[in-house]
Each structure stands twice: as structure tokens, then as C-alpha cells.
Amino acid sequence: MGYPSAYDFKFVVRWKQILLFGARSEMNTPFGEPEAKPKEIILEKVENGHYVSVEYTGKLGNGEVFDSSEGRMPLEVHIGAGEMIKGFEAQLLGMAINEKKVFTIAPEDAYGEKKPNLTQHVPRASVPPSLDPQLGMVIGLMTPQGDRIPAKIVNMDNEQITLDLNHPLAGESLTFEIEVVGISDAPTQECSDCSSCGCSGSCGEE
């Protein structure tokens, strides 16, 4: 076989140009080398509706760690579902797989400021015998609607116990160190693993 004619050469060039733009072909080039299929690189980022798996550590203003995913499954967040404090969820938007971030959430975007009027006095006799109340203890209270809310014992005597119904992290600025380890269109866990008070609105119910 001789060198291609001028007509053949133009055909080969045009054919190769088509392959470079992604057309699939099972044929070899006239020179006997198979054309490699172009690879498409997709950098997926967190968007509304995604299920995002996050490794995280939460710290108070004094550096004390109040919650962490260390030793547990990553926290799975359904973006836009309203399951998390808004400041945490907002920071996830636009992040990519394996991306890390450190940020601080002000009280108004976390659990709000403390409200002095959110206290309740409970007769000491109404406390279950199995509960040994201690000053500073956080206990769970059941609302008439069946929801459980955390309450902190801030004062007690022989007659009554005073409970603070503010969230335990109300009034606190919260600093998080996070890493996105998974992005999915569907849940990958049976339930989100946020068992402490770091990011979920249901914290303190255990």
C-alpha cells in the first residue's frame, strides 16, 4: 500500500477530527492504531436536593469539642430538607468531594440567643424515682405533641427543680471543621448520624 493520495489524506484528517470531538467508532485508523475514546471529567458539587456525607468536628468558642463524627459513620445531610441548622447547611452548598472547610456559625444561624423567659419550675415530687437529678444535667421533656426537647437543670431545692428550656447550645458561636466524603442523589444511610447537638435540629433528644 502506497502513501495515501491527496483525496485519501483529507478523508483521514477529517475522520480523526470527528473522533477528537467524541464520536464513537469501533474501527482502527488507517495506520493500524485504535483511537482512544475521549474521557469526560466531571467535578460534582453539592446542590440543593443532594444527600451529602460529611466528616465533622464541632467546637465552642473556647475550643472545647462538643460533637464529632470521629468513630462514627459520617453525617448524612439532605440539602434543602431543613433537618440541619441553616448555617451548617449553607456552608455545604458548592463544596466538592474531598473538599475541606473550617467555618464559624453565629448564634442567630445556629440555635439562637438565650431567652431568659424559657424556664420552667417542676415539683421535685414529679421527678421519676429512677432519675437522680443533678445541677447542670440535661434531661428530655415530652411535649403534648409527642416531641422531645432538651432541658437543663439550672437550680434545685427540696421542693422544686428549675429547668432551662433553651437549647444547650443557644447563645454559642459554633466552629466546624468538615470534609465532604460523599455526594449522592439518594440516601446512603438509613438515618442521619447526628446524635449530639452539633448540627441537627433534633439534637438532645436521646
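For the reader, a short list of remarks on this structure follows.
- Breaking point among (1) within 15 Å of F176 (Cα to Cα); (2) out of contact with any His (no Cβ under 9 Å at 6 or more places or on another chain); (3) touching a residue at least 60 places away in the same chain (Cβ under 8 Å), for E64: (3)
- Some residue of the stretch 73-83 being hydrophobic (A, V, I, L, M, F, W, C), farther than 12 Å from F176 by Cβ and without any contact (Cβ under 8 Å) to a residue 12 or more places away in the chain: yes
- Residues of the stretch 141-191 that are among the acidic types (D, E) and either surrounded by fewer than 17 Cβ atoms within 10 Å (Cβ to Cβ) or within 15 Å of the chain's Cα centre (by Cα) (or both): D147, D157, E159, E177, E179, D185, E190.
- Looking only at the stretch 96-113, and only at residues there that are β-branched (V, I, T) and part of a strand (DSSP E or B), the one that is surrounded by the most Cβ atoms within 10 Å (Cβ to Cβ): I105
- Members of the stretch 130-140 that are of a type outside the set (A, V, I, L, M, F, W, C) and either closer than 30 Å to K45 by Cβ or more than 27 Å from the chain's Cα centre (by Cα) (or both): S130, D132, P133, Q134, G136
- Residue under evaluation N117, criteria (1) surrounded by fewer than 17 Cβ atoms within 10 Å (Cβ to Cβ); (2) at pLDDT 95 or above, criterion not met: (2)
- The stretch 140-159, residues that are farther than 16 Å from A170 by Cβ and hydrophobic (A, V, I, L, M, F, W, C): M142, M156
The values are calculated or read from the model by the stated rules, or taken from the named source; none is laboratory data. What you are looking at is a predicted structure, and each value in this text was computed from that prediction instead of being measured. Because the Cβ atoms are built from the backbone with ideal geometry, glycine has one as well, and the counts that use them run over all protein chains shown.
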